[in-house]
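Scroll down for the structure; my scribbles are underneath it.
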Ligand code: 3PG
């Protein structure tokens, strides 16, 4: 694929699609800036080569409406600290104000457009929205590996109107994941947890033929336990996914892939700091409780299984690790991976956050900025955001 280094960027308006979808609290405090730091090589390259840099990203899922808690201004502030130079946040992503700001830019200057998902046209891949965004720039650099599985206007649509090349992070992710997963050493395990259960079930269906073992924890486990006929209390489940869950279990059986669900879990009545945590068997979850973490027996079992593995991909925390009494599962899995003599690939916003907070990122073979994107890439899918990148002649 062509990268930003293959293009003449001096004095050009370069639109960089980044994945600044970082964990942020209601006050705009960024809890983990891994994804922002990961984009610095591309931005620095463009500064050094005197481009006019127009950054854009999505944040959260505001569903096409303006949400004051999901503005990108805190990201601009953080970027500015990291780069030691001004990064100007705009209150919009398209329109006359933005056009004015862009036309007044000097070489080497940086602006950050407002959250793309405030506009329904982004997720709808609306050609009108893509065209307007494209009109701001001369070149489109896609550095948003983490969003490359989304066929959205700012990932895919732009390529119809602008030359489209990979950023340096995008290039690094494709190269590293591609080479790590070309011929994985076996046994090969995938650990899946976290939220976004609905889409991850789809991803699991894809991944199943690539791996030998799947360990399920976190938000995923409730739907799987329910699909096996057990009660998940008040844990959120995907009721219309039960059939798929059963189909996945069947397919796994036929392929000889083992899927391990938690044997025991930590439950609570309320997911908040100070809540009472109780360990119970996964087959006896009380009706008024929610699954908050995997239990000690499961930690022991999962850790033992992982010891035999030679390649492990992990996406999604094992519990609500932000709350100390529900963080044990995630901590233990992170520590187990850090101690393995295996290829370890960790992906996803909150999984990367957990590993970074524990100071273990340096012990993993690769910490990917992608969550769903990384898993889909690994399952052999051609991601739409990668498919539209220009090829090298
Ligand atoms: C991610 O966090 O995996 C990416 O930023 C994509 O976000 P999305 O799942 O809301 O599209």
Restricted to region 45-69, and to residues that are assigned to a loop (DSSP other than H, G, I, E, B) and more than 16 Å from the ligand (Cβ to nearest atom), which residue is surrounded by the most Cβ atoms within 10 Å (Cβ to Cβ)?
51
Does residue 333 satisfy the criteria of being in contact (Cβ under 8 Å) with a residue 60 or more places away in the chain, surrounded by fewer than 23 Cβ atoms within 10 Å (Cβ to Cβ), more than 11 Å from the ligand (Cβ to nearest atom) and assigned to a helix (DSSP H, G or I)?
no
Is it true that residue 375 is under 23 Å from the mean Cα position of the chain (by Cα) and surrounded by fewer than 24 Cβ atoms within 10 Å (Cβ to Cβ)?
no
For region 361-393, give me each residue that is in contact (Cβ under 8 Å) with a residue 24 or more places away in the chain, more than 16 Å from the ligand (Cβ to nearest atom) and part of a loop (DSSP other than H, G, I, E, B).
364, 365, 380, 388, 389, 390, 391, 392
Restricting attention to region 4-34, report how many residues are within 16 Å of the ligand (Cβ to nearest atom) and touching a helix residue (DSSP H, G or I) at 6+ places or on another chain (Cβ under 7 Å).
12
The residue from 342, 282, 338, 292 that alone is over 18 Å from the mean Cα position of the chain (by Cα), surrounded by fewer than 18 Cβ atoms within 10 Å (Cβ to Cβ) and either more than 17 Å from residue 23 (Cα to Cα) or modelled with pLDDT of 95 or more (or both) is 338
Elements of type strands (runs of 3 or more DSSP E) in region 112-208, at least 1 residues being over 26 Å from residue 315 (Cβ atoms) and more than 16 Å from the ligand (Cβ to nearest atom):
139-142, 164-166
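The values are calculated or read from the model by the stated rules, or taken from the named source; none is laboratory data. Predicted model, so just to flag it, every value in this text is computed and none were measured. No Cβ is skipped: glycine too gets one built from the backbone with ideal geometry, and neighbour counts run over all protein chains shown.
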